[in-house]
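Okay, handing you the structure first.
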Amino acid sequence: MMHPFVEGGLQNVWLSNGYRIKETRNGRSVVVHNPQGLKRTICSALCVKSVPLSGAEFRYLCRELQITSAVLCKRLALTESQLQEWESARQVPRHADTFIRIMYAVHLDRPERVQRIEARSVARNQNVYFVLRHTDRGWTLQETLERPAAVPSLTQLKGQDPTLATDRDSLA
């Protein structure tokens, strides 16, 4: 017998196994095996589904990403009431659907990047610099608000340093 998984307002998710019904003094309770794995699988399925997300599905993804409504409103240029309308709608606008699916995909690969969205409080006109460093494990990235000190140009260093990059090392 299948059991509906209605957590978070989802009405279209059914469990064929991986759960048990437990009798408690307050009534019946459903115990799900590996609930984090189940939630991840549901979110992954929502991200690749072939039709637009419903408002409940959109809300479920936002909750699993731990994106607050204030941050979501700011990122999507919405009011709280507009967001509430979307979350109760049969389907969300295409740009919001795409945004949240991409955010979850990023979360699967680099969850700390999604969490940083909420922490950002840099002014819109503030310059952000990326300092990239190559290591044995590949390239690493550091973000800074301070402009890095520039290295003298290649023409200034020409002939001075035998370790300078050659044409075969360049991106060109």
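Would you kindly find the accessible area of R133, with a 1.4 Å probe and non-protein molecules such as ligands, DNA and RNA excluded, rounding to the nearest 10 Å²?
140
Using the Karplus curve 6.51 cos²θ - 1.76 cosθ + 1.60 with θ = phi - 60°, work out ³J(HN,Hα) for each residue of the range 79-95 in order, rounded to whole Hz, and write x for Gly and Pro.
Rounded to whole hertz, the list is 8, 4, 5, 5, 4, 4, 4, 4, 5, 9, 7, 5, 8, 8, x, 4, 5.
Just to make sure I understand: if all protein chains stay in place, what is the order of F130, F5 by accessible area at 1.4 Å, largest first?
F130, F5
What figure, in Å² to the nearest 10, do you get for the accessible area of K74 with a 1.4 Å probe and non-protein molecules left out?
Per-residue accessible area (K74): approximately 140 Å².
Whose amide H sits under 5 Å from the amide H of A89, counting only residues 5 or more places off or on another chain, with H placed in the peptide plane?
G55
Mind checking the per residue accessible area of the range 10-70 for me, 1.4 Å probe, whole number of Å²?
Roughly 63 Å² per residue, with all protein chains present.
Right, something else. On a full-extension model of 0.36 nm per residue, what is the gain between A105 and Q84, subtracting their alpha-carbon distance, rounded to one decimal in nm?
My answer for the length gained is 5.2 nm.
Taking amide H positions as placed in the peptide plane 1.01 Å from N, state which residues far from Y19 in sequence (5 or more) or on other chains have amide H under 5 Å from it.
So Y19 has HN proximity to H33.
With a 1.4 Å probe and all protein chains in place, put W139, W14, W86 in order of accessible area, largest first.
From most accessible down to least: W139, W14, W86.
Whose amide H sits under 5 Å from the amide H of V30, counting only residues 5 or more places off or on another chain, with H placed in the peptide plane?
K22
For C62, C47, give me the order by solvent-accessible area with a 1.4 Å probe, most accessible first, ignoring ligands, DNA and RNA.
Numbers: C62 5, C47 25 Å².
Per-residue accessible area, sorted high to low, gives C47, C62.
The values are calculated or read from the model by the stated rules, or taken from the named source; none is laboratory data. What you see is a predicted model; the values in this text were computed from it and never measured. Note: areas computed on protein heavy atoms with side chains; ligands, DNA, RNA excluded. Shrake-Rupley method; radii C 1.70, N 1.55, O 1.52, S 1.80 Å.
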